[in-house]
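Below is one structure; the comments refer to it alone.
Please treat every number below as a calculation from the coordinates, not as lab data. These numbers come from a predicted model, not from an experiment. Here the Cβ positions follow ideal geometry from the backbone for every residue, glycine too, while neighbour counts run over all protein chains shown.
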Amino acid sequence: MDGTGITVKLILIGDSAVGKSSLLLRFAEGSFEPSIKPTICVDFKVKKMVVDGHTVQLAIWDTAGQERFRTLNPSYYRGTQGIVLVYDVTRKDTFTGLESWLNELEIYTTKSNTVKMLVGNKTDKPDREVERREGLQFAKKRSLLFIETSAKTEDGVQHAFEELVIKILQTP
Ligand code: GDP
């Protein structure tokens with residue numbers, strides 16, 4: 001099978017302002033907005049990707065601001081094959097908040113084969129509060145893929161989605 005016609009649902013989760021919409025914009029449209037207003041919700045984008053010779057249609061969902069309550073509508077998680085869990089490397093609270101997101105994931109993602117990736121975003125900023133090795137350690141402990149990114153400079157963004165999709169295609 002060459003993978004043509006495969007649609008993969010991905011969702012972005014994590015605290016407010018960590019850069020979820022920016023990652024989606026960067027990946028799907030190659031753009032970056034220095035001041036995305038919370039009211040401008042990205043919601044959902046489709047992007048075609050060729051990975052290992054497979055053509056995959058990615059449907060990527062953004063929280064549209066619901067995450068301010070640190071919980072999301074259960075329907076958001078339905079049918080999800082990949083989860084991008086984002087924190088901001090310059091805000092420690094968004095890293096410590098990961099635990100509650102993982103608890104929520106356990107409740108709503110009943111399928112054990114959902115692939116999860118931890119993303120430390122905003123690496124271009126100088127005021128880092130979470131070191132790379134801390135992110136890596138946490139990801140290892142919780143069996144998550146891990147990558148650091150900058151939605152601003154594009155660093156790691158393509159790679160993050162590629163790795164996630166490769167893993168999803170390998171997961172039965
Ligand atoms: P969301 O609430 O998680 O969707 O976060 P947004 O995508 O709205 O981003 C919040 C703010 O952080 C916006 O002002 C973005 O321009 C900024 N931002 C997002 N990603 C990055 C990044 O990688 N580097 C820098 N310097 N700023 C970023």
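For the residues VAL119, VAL56, VAL18, a GNM of the chain with alpha-carbon springs under 10 Å puts the largest fluctuation on VAL56. The fewest-to-most ranking of MET49, MET117 by surrounding Cβ atoms within 10 Å reads MET49, MET117. With a/c under 1.5 counting as rounded, go ahead and sort the range 94-142 into rounded, prolate or oblate using the C-alpha gyration tensor (a ≥ b ≥ c being the square roots of the eigenvalues; past the cut-off, prolate if a/b is larger than b/c, else oblate). Prolate, since a/c reaches 1.5 and a/b exceeds b/c. Across GLY97, GLY135, GLY82, mean-square fluctuation computed from a Gaussian network of the chain (C-alpha pairs under 10 Å connected) peaks at GLY97.
The GNM of the chain, with springs linking C-alpha atoms under 10 angstrom apart, assigns the highest mean-square fluctuation among LYS122, LYS92, LYS152 to LYS92. Neighbour counts of C-beta atoms inside 10 Å place ILE83, ILE107, ILE166 in the sequence ILE107, ILE166, ILE83, starting with the fewest.
Can you put TYR87, TYR108, TYR77 in order, fewest other beta carbons within 10 Å first?
On the way: TYR87 26, TYR108 17, TYR77 21.
Ordered from fewest to most neighbouring Cβ atoms within 10 Å, TYR87, TYR108, TYR77 come out as TYR108, TYR77, TYR87.
DSSP bridge analysis restricted to the chain gives an antiparallel fraction near 30%, rounded to the nearest 5.
Here the simple spin-label model places points 7 Å from the Cα toward Cβ, and for GLU106 and ARG132 these points are separated by 3.0 nm.
Starting from the Cα-Cα distance between ASN73 and GLN57, subtract it from 0.36 nm times their residue separation and give me the gain in nm to one decimal. Intermediate values should be presented prior to the final figure.
On the way: separation 16, 0.36 × 16 = 5.76 nm, distance 2.38 nm.
Using 0.36 nm per residue and subtracting the Cα-Cα distance, I get 3.4 nm.
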